1. Applying the selection to the range 36-79, what residues are free of Cβ contacts under 8 Å to residues at least 24 places away in the same chain, within 13 Å of the ligand (Cβ to nearest atom) and not small (Gly, Ala, Ser)?
2. Among the residues of the range 26-72, what is the count of those that are under 22 Å from residue 119 (Cα atoms), touching a strand residue (DSSP E or B) at 6+ places or on another chain (Cβ under 8 Å) and among the charged types (D, E, K, R)?
3. Being on the phi > 0 side of the Ramachandran plot, assigned to a loop (DSSP other than H, G, I, E, B) and more than 16 Å from the chain's Cα centre (by Cα), is that true of even one residue in the range 94-114?
4. Between 33, 52, which is surrounded by 10 or more Cβ atoms within 10 Å (Cβ to Cβ) and of a type in the set (Asp, Glu)?
5. Would you check which residues across the range 81-94 are crowded, with 17+ Cβ neighbours inside 10 Å and more than 15 Å from residue 47 (Cα to Cα) and list them?
6. Please verify whether the range 3-22 includes one or more residues that are touching a strand residue (DSSP E or B) at 6+ places or on another chain (Cβ under 7 Å), touching a residue at least 40 places away in the same chain (Cβ under 8 Å), within 14 Å of the ligand (Cβ to nearest atom) and under 20 Å from residue 119 (Cα atoms).
Amino acid sequence: MSEHYVADLTELQDSGRKIVRVGSTDIALLLFEDDVLAFQNVCMHMGGPVGEGMLINAITAEFDADGNYVGDRFVEDEMHLVCPWHGWEYVLPGGQCAAAPERRLRSFPVSVRDGRVLVDMEADTAISNG
Ligand code: FES
């Protein structure tokens, strides 16, 4: 285990996110529901700063019984992080690529102790990032 202090929880409660650097790795901390998430701040597409992107509910297309498109609607229980460079979307909290769920952002376990946010840099939880 290689835990690093990266922020006070109050900083995230104020802004919802923070970009930090541990060694040579940029990490995006996101407050999501009651958890702090930590992703490497590198998009799988072309390396954009994914952690600086918008959070938006997933959008799904609606069709009538005859298969005709009738509109789009937000999916209330699926939040996406949208890369600011070209719009690739990642599903929170796991960071799966919305278009290819078998791939996901590199992420790190987070602990919060006494209001201090700690990231374990050795316990990379990525399934696939290549
Ligand atoms: S670099 Fe993220 S969508 Fe292209």
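The numbers here are math on the coordinates, done by the rules we state, and not lab data. From a predicted model like this one, the values you see are computed outputs, not experimental measurements. Methodologically, a virtual Cβ is constructed for each residue, glycine included, from the backbone with ideal geometry; neighbour enumeration extends over all protein chains shown.
1. Across the range 36-79, the qualifying residue is only 41.
2. Qualifying residue count for the region: 3.
3. Yes, the range 94-114 has at least one match.
4. Of 33, 52, the one residue that is surrounded by 10 or more Cβ atoms within 10 Å (Cβ to Cβ) and of a type in the set (Asp, Glu) is 52.
5. Result: 91, 92.
6. There is no residue in the range 3-22 that is touching a strand residue (DSSP E or B) at 6+ places or on another chain (Cβ under 7 Å), touching a residue at least 40 places away in the same chain (Cβ under 8 Å), within 14 Å of the ligand (Cβ to nearest atom) and under 20 Å from residue 119 (Cα atoms).
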